[in-house]
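The values are calculated or read from the model by the stated rules, or taken from the named source; none is laboratory data. Quantities reported herein were computed from a predicted structural model and do not represent experimental measurements. Counting neighbours? That spans all protein chains shown, and the Cβs are built from the backbone with ideal geometry, glycine included. When the accessible area is computed, the model is the full protein with side chains, heavy atoms only, and any ligands, DNA or RNA have been set aside. Shrake-Rupley method; radii C 1.70, N 1.55, O 1.52, S 1.80 Å.
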Amino acid sequence: MHEHIDFRHLSFLSEELFTDVTIGEKYRVDLLVETKLKGEDGLIIVHMENQSYVQPSFSEHMFLYFSRLFEKYRIRIVPIAVFSYDALRDEPSVFSIEFPFGEVLQFRFFPVELRKKHWRDYIRHDNPIAAALLSKMGYTESEKVELKKEFLRMLVRLELDEARQRLLLGFFETYVKLSEEEEQQLRSEVKAMETKEKEKVLELLISYEQKGRKEGLEEGIQQGMKEGMKQGIKQGMKQGMKRLVCNMARKGMTAEEIARLVDLSEEEVHSLLKD
């Protein structure tokens, strides 16, 4: 498709929200782009959906999206579904309605099954989407360290600003988690690299490790403060209850009477009077 699309004409359309009245659910279109084909005057719409879990009725939903979008815009629509779940399966890409006496409808969409794409085929692409989606492509456990190393090399070559780097790195690390031992192996392999990206990759790795430690420390401090406040409130409430119980006891009330009034057990009242 890339060879046919004229990327000088791109317009992101507003998200469309559809309600399936038969089952009472709402669906929102993931991505809707208006563009042109090379050498043609007419517009087309590219509708793209990301599907992260197996859904038997997905092809039907794609048809419903298509029909409602066509009803609204009345121009040609290219439907694409990106499957990002971990399962390896032959995903249906057709929705049809047929009878023994004839076919009424056959609707097709274009599937992109990420798990069937091999990550090594994309590491030379200077494309931020390819970099992010490496984490959802086909790789083995033994390739995780090399996968992250090549991902970092892609980030360096892309020369993105820090905010975009953090976005892509955060996406990647959500799905590819290295153990402490694997992180150490990664650092050793980066240090042993003989490419021009070595220093920048190492700098990137150290920078995000430091930021991770700093964020972890800040989070720990905030959590500690919250816990401290909770403990302080709890202790203050206990002291207030103790004073109240002692005052009531000094006025001659029995433990049974106090317990009934302050909603405590007699054992808890006796405990407060002893402390």
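What the table below lists for this structure:
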{"item": "Condition broken by Glu71, with the remaining ones in (1) out of contact with any strand residue (DSSP E or B) (no Cβ under 9 Å at 6 or more places or on another chain); (2) within 25 Å of Lys136 (Cβ to Cβ) satisfied", "result": "(2)"}
{"item": "Counted residues, the range 172-199 - those being of a type in the set (Asp, Glu) and surrounded by 10 or more Cβ atoms within 10 Å (Cβ to Cβ)", "result": "6"}
{"item": "Single residue of Val54, Val112 found to be under 23 Å from His2 (Cβ atoms) and without any contact (Cβ under 8 Å) to a residue 40 or more places away in the chain", "result": "Val112"}
{"item": "One residue from Phe83, Phe12, Phe58, Phe70 being more than 27 Å from the chain's Cα centre (by Cα) and either modelled with pLDDT of 85 or more or closer than 29 Å to Lys116 by Cα (or both)", "result": "Phe70"}
{"item": "Strands (runs of 3 or more DSSP E) wholly inside the range 1-116 that include at least 2 residues being buried (at least 16 other Cβ atoms within 10 Å of the Cβ)", "result": "31-37, 43-51, 76-83, 110-113"}
{"item": "Search result, residues across the range 177-192 that are farther than 20 Å from Arg166 by Cβ and in contact (Cβ under 8 Å) with a residue 24 or more places away in the chain", "result": "Glu182, Gln185, Glu189"}
{"item": "Test: residue in the range 141-158 that is more than 27 Å from Lys196 (Cα to Cα), assigned to a strand (DSSP E or B) and of a type outside the set (Ser, Thr, Tyr)", "result": "no"}
{"item": "Candidate set: the range 200-225, residues that are aliphatic (A, V, I, L, M) and at pLDDT 60 or above; chosen: the one most open to solvent (accessible area, probe 1.4 Å)", "result": "Ile206"}
